[in-house]
Amino acid sequence: VPCVSGGLPKPMNITFVSINMKNVLQWAPPEGLQGVEVTYTVQYFIYGQKKWLSKSKCKNINRTYCDLSAETSDYEHQYYAKVKAVWGTNCSKWVETGRFYPFLETQIGPPEVSLTTGEKSISIVLTAPEKWKRNPEDSSVSMQQIYSNLKYNVSMYNTKSKRMWSQCITNHTLVLSWLEPNTLYCISVESFVPGPPRLTRPSQKQCVSTLEDQTSGLKVK
Amino acid sequence: EFRFGSCRVEGVVLPELWEAFQAMKHTVQAQDNVTSVRLLKQEVLQNVSDTESCYLIHALLKFYLNTVFKNYHKKIVEFKILKSFSTLANNFLAIMSKLQPSQENETFSISESAHRRFLLFRGAFKQLDIEAALTKAFGEVDILLTWMEKFYQL
Amino acid sequence: DTAAFLPAPQNLSVHSTNMKHLLTWSPVILPGETVYYFVEYQGEYESLYMSHIWIPSSWCSPTEGPECDVTDDITATVPYNLRVSATLGSQSSAWSTLKHPFNRNSTILTPPRMEVTKDGFHLVIEVEDLGPQFEFLVAYWRREPGAKEHIKEVRSGGSPVLLETMQPGVTYCVRAQTRVKAIRRYSAFSQVECVEVQGESLPL
């Protein structure tokens with residue numbers, strides 16, 4: 001039975017939250033309906049095509065988000081999405097996103113960072129962030145395959161000298177040698193793609209200590 | 001610099017163009033109600049060869065400067081986005097003035113192929129009411145810049 | 001209305017260093033009065049396609065001093081026209097326009113200030129932050145006969161960057177130059193700075 005449109009206030013703050021092409025539509029409940037069992041229905045639209053499409057898993061749902069990654073996986077297309085609130089036979093008008101362009105707007109997550117320490121060295125191995133995939137068993141696609149100019153900014157903090165410096169690399173391994181033995185170093189890595197301003201997020205800071213000094217000959221002044 | 005095949009363009013910083021368009025994107029795209037039409041479709045921009053790219057970008061920028069920007073200016077003033085528009089238009093002009101697509105005979109077929117792509121774009125543009133077409137073309141500058149980015153070397 | 005007695009500002013000129021562009025003019029002096037100025041600009045596009053269009057400057061519409069930072073207005077490497085008008089209350093003078101259009105590729109580029117330090121055996125450089133337009137070419141070498149010069153591109157100033165892991169007992173020297181892609185120009189190289197990390201011989 002079609003609901004009476006406009007009988008409810010509209011959901012608010014509709015937006016796509018996109019990280020590594022995992023595109024999730026989010027919104028806030030309509031104002032003034034606290035305690036009311038409202039459900040939501042979502043539709044999406046591919047710019048340049050003819051009609052709005054539904055996602056069955058996002059019809060009459062209670063939650064205030066809907067994962068549209070599969071529906072918006074062609075990142076060279078642009079999309080719109082809309083949501084309306086439903087309560088009994090009443091429903092709100094649709095509220096729509098702006099034009100969403102995954103290729104430009106997805107946030108590029110940090111790489112996976114694994115560290116191995118030596119006496120005076122730390123080896124850093126990076127694994128490029130992975131693009132969202134439909135099924136866990138699908139083969140992985142690295143974000144580097146989408147953004148060929150993806151680079152990494154490695155930040156290194158020497159807790160003893162209290163000095164921080166960084167280094168920009170394009171490959172996936174970096175060996176920091178001639179470090180001070182028995183010293184705690186904290187490392188964080190951020191992916192970035194030169195070009196349009198894109199959101200990025202640094203990796204979790206990891207702190208490791210170089211090993212004890214096995215020799216006594218070396219003193220740094 | 002940009003490398004559209006043999007056409008080299010230096011002295012234009014793409015992030016400046018992105019910043020200018022991002023400042024106008026939501027304002028302009030929100031005015032585009034004909035969402036069932038995309039002017040810069042994939043048939044226009046996909047699989048463009050390097051040699052073809054110079055002809056195509058020349059035709060597109062010329063159209064944007066002479067038709068889109070020129071006739072959309074009243075809206076630009078109305079939306080108070082004159083500064084960002086000026087940045088975009090002057091940088092497009094800077095690129096255009098440095099593009100010299102070769103006119104030799106052996107590249108005639110390539111320029112023809114580029115011209116067919118451009119006609120696809122312009123044909124779709126002409127099918128719309130002029131105001132709607134101008135708004136849509138301006139709102140699709142992010143698609144154009146994304147394609148141009150493929151020819152941009154840091 | 002254009003006041004007959006309110007003269008237009010004179011002697012407009014642009015002083016540009018490291019992509020900071022300052023438009024200056026001779027002040028209009030009216031004893032006991034505060035004169036304000038409006039600055040407007042148009043790029044090559046406006047002057048070619050819509051010459052009646054002038055855009056108010058970001059920071060000087062109006063301004064009190066006889067100068068205006070037009071850096072945020074000049075955002076393409078094309079000629080720009082600039083003009084200034086004096087105002088007093090509701091009256092404003094005629095526009096005075098810069099004699100020759102200004103193009104940012106004429107800016108003066110100075111060598112960057114830099115700090116070369118060491119953190120343990122690591123040679124670290126921090127170049128001054130001159131803004132997003134600037135990149136830096138850093139040259140470094142071991143101060144010994146026949147040493148090869150290494151070049152590293154530093155994309156932005158304002159944060160320390162690792163250059164090299166140093167050998168103990170060797171002096172390393174560094175110099176840097178600014179590079180602005182938007183105008184395809186470089187500055188001269190900076191002064192050379194050298195550092196050395198002492199250290200007795202290493203165990204074999």
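Give me the pairs: first residue in the stretch A:192-220 and among the hydroxyl-bearing types (Ser, Thr, Tyr) and at pLDDT 90 or above, second residue part of a loop (DSSP other than H, G, I, E, B) and open to solvent by 70 Å² or more (accessible area, probe 1.4 Å), beta-carbon distance under 7 Å, and six or more apart or on different chains, which are they?
What qualifies is A:SER209/A:ASN182; A:THR210/A:ASN182.
Can you name every residue in the stretch B:28-62 that is more than 10 Å from chain A (Cβ to nearest Cβ), out of contact with any Lys or Arg (no Cβ under 9 Å at 6 or more places or on another chain) and surrounded by fewer than 18 Cβ atoms within 10 Å (Cβ to Cβ)?
Scanning the stretch B:28-62 gives B:ASN33, B:ASN47, B:SER49, B:LYS62.
Pick from the stretch A:18-48 the residues that are among the charged types (D, E, K, R) and more than 19 Å from A:ASP67 (Cα to Cα): which of them is surrounded by the fewest Cβ atoms within 10 Å (Cβ to Cβ)?
A:GLU37
If I ask for residues that are within 27 Å of A:PRO2 (Cβ to Cβ) and aromatic (Phe, Trp, Tyr), which ones from the stretch A:64-113 would you list?
A:TYR65, A:TYR79, A:TYR80, A:TRP87, A:TRP94
Here are A:SER73, A:SER121: which of them is under 21 Å from A:LEU199 (Cα atoms) and either among the small types (Gly, Ala, Ser) or more than 14 Å from every other protein chain (Cβ to nearest Cβ) (or both)?
Just one listed residue meets the conditions, A:SER73.
Do you know which of the residues in the stretch B:121-154 that are of a type in the set (D, E, K, R) and open to solvent by 10 Å² or more (accessible area, probe 1.4 Å) is nearest to the other protein chains (Cβ to nearest Cβ)?
By that ranking, first place goes to B:GLU149.
Of the numbered conditions (1) closer than 28 Å to B:ILE95 by Cα; (2) away from every other protein chain (no Cβ under 14 Å); (3) among the β-branched types (Val, Ile, Thr), C:THR63 fails exactly one; give the number of that condition.
(1)
Which of the residues belonging to the stretch C:79-91 are surrounded by fewer than 19 Cβ atoms within 10 Å (Cβ to Cβ), outside any loop (DSSP other than H, G, I, E, B) and of a type in the set (S, T, N, Q)?
C:ASN81, C:THR87, C:GLN91
May I ask you to list pairs of residues, at least six apart or on different chains, whose Cβ atoms are under 9 Å apart, with the first in the stretch C:140-152 being over 15 Å from C:VAL195 (Cα atoms) and the second being hydroxyl-bearing (Ser, Thr, Tyr) and outside any loop (DSSP other than H, G, I, E, B)?
C:GLU149/C:TYR140; C:HIS150/C:TYR140; C:ILE151/C:TYR140; C:LYS152/C:TYR140
Looking only at the stretch A:170-187, which residues are assigned to a strand (DSSP E or B) and touching a residue at least 40 places away in the same chain (Cβ under 8 Å)?
Correct list: A:THR173, A:LEU174, A:VAL175, A:LEU176, A:TYR185, A:ILE187.
Could you please tell me which pairs satisfy a Cβ distance under 6 Å, a separation of 6+ or placement on different chains, a first residue in the stretch B:7-22 that is facing chain A (nearest Cβ under 7 Å) and under 12 Å from C:ALA182 (Cα atoms), and a second residue that is open to solvent by 10 Å² or more (accessible area, probe 1.4 Å) and part of a strand (DSSP E or B)?
As it stands, the answer is B:LEU14/B:TYR152, since those pairs meet every condition given.
Please find, among C:TYR172, C:TYR186, the residue that is aromatic (Phe, Trp, Tyr), closer than 29 Å to C:THR17 by Cα and either touching a strand residue (DSSP E or B) at 6+ places or on another chain (Cβ under 6 Å) or within 14 Å of chain A (Cβ to nearest Cβ) (or both).
Just a single option satisfies the conditions, and that option is C:TYR186.
Among the listed residues C:ALA76, C:ALA94, identify the single one that is aliphatic (A, V, I, L, M), farther than 30 Å from A:GLU180 by Cβ, open to solvent by 30 Å² or more (accessible area, probe 1.4 Å) and in a loop (DSSP other than H, G, I, E, B).
Of the residues listed, the single one that is aliphatic (A, V, I, L, M), farther than 30 Å from A:GLU180 by Cβ, open to solvent by 30 Å² or more (accessible area, probe 1.4 Å) and in a loop (DSSP other than H, G, I, E, B) is C:ALA94.
Just one of (1) assigned to a strand (DSSP E or B); (2) crowded, with 18+ Cβ neighbours inside 10 Å; (3) within 24 Å of the chain's Cα centre (by Cα); (4) among the hydroxyl-bearing types (Ser, Thr, Tyr) trips up A:THR15, so point out which.
(2)
Can you find even one residue in the stretch C:8-29 that is surrounded by fewer than 20 Cβ atoms within 10 Å (Cβ to Cβ) and within 14 Å of chain B (Cβ to nearest Cβ)?
No.
Here is a check on your reading of the model: is C:GLU164 within 30 Å of C:CYS194 (Cβ to Cβ), assigned to a strand (DSSP E or B) and open to solvent by 30 Å² or more (accessible area, probe 1.4 Å)?
When the stated conditions are applied, C:GLU164 passes them.
Of the residues that make up the stretch B:105-120, is at least one out of contact with any strand residue (DSSP E or B) (no Cβ under 6 Å at 6 or more places or on another chain), open to solvent by less than 10 Å² (accessible area, probe 1.4 Å), more than 10 Å from every other protein chain (Cβ to nearest Cβ) and not in a loop (DSSP other than H, G, I, E, B)?
Yes: the stretch B:105-120 contains one or more residues that are out of contact with any strand residue (DSSP E or B) (no Cβ under 6 Å at 6 or more places or on another chain), open to solvent by less than 10 Å² (accessible area, probe 1.4 Å), more than 10 Å from every other protein chain (Cβ to nearest Cβ) and not in a loop (DSSP other than H, G, I, E, B).
Give me a count of the residues in the stretch B:79-103 that are open to solvent by 80 Å² or more (accessible area, probe 1.4 Å) and either under 20 Å from B:VAL9 (Cα atoms) or in a helix (DSSP H, G or I) (or both).
The total comes to 2.
Keeping to the stretch A:152-173, report how many residues are open to solvent by less than 20 Å² (accessible area, probe 1.4 Å) and of a type outside the set (Val, Ile, Thr).
Residues that pass the stated criteria total 5.
The values are calculated or read from the model by the stated rules, or taken from the named source; none is laboratory data. Source: prediction; values computed, not measured. Glycine also receives a Cβ, built like all others from the backbone with ideal geometry; neighbour counts cover every protein chain displayed. Heads up: the accessible areas ignore ligands, DNA and RNA and are worked out on the full protein's heavy atoms, side chains in. Shrake-Rupley method; radii C 1.70, N 1.55, O 1.52, S 1.80 Å.
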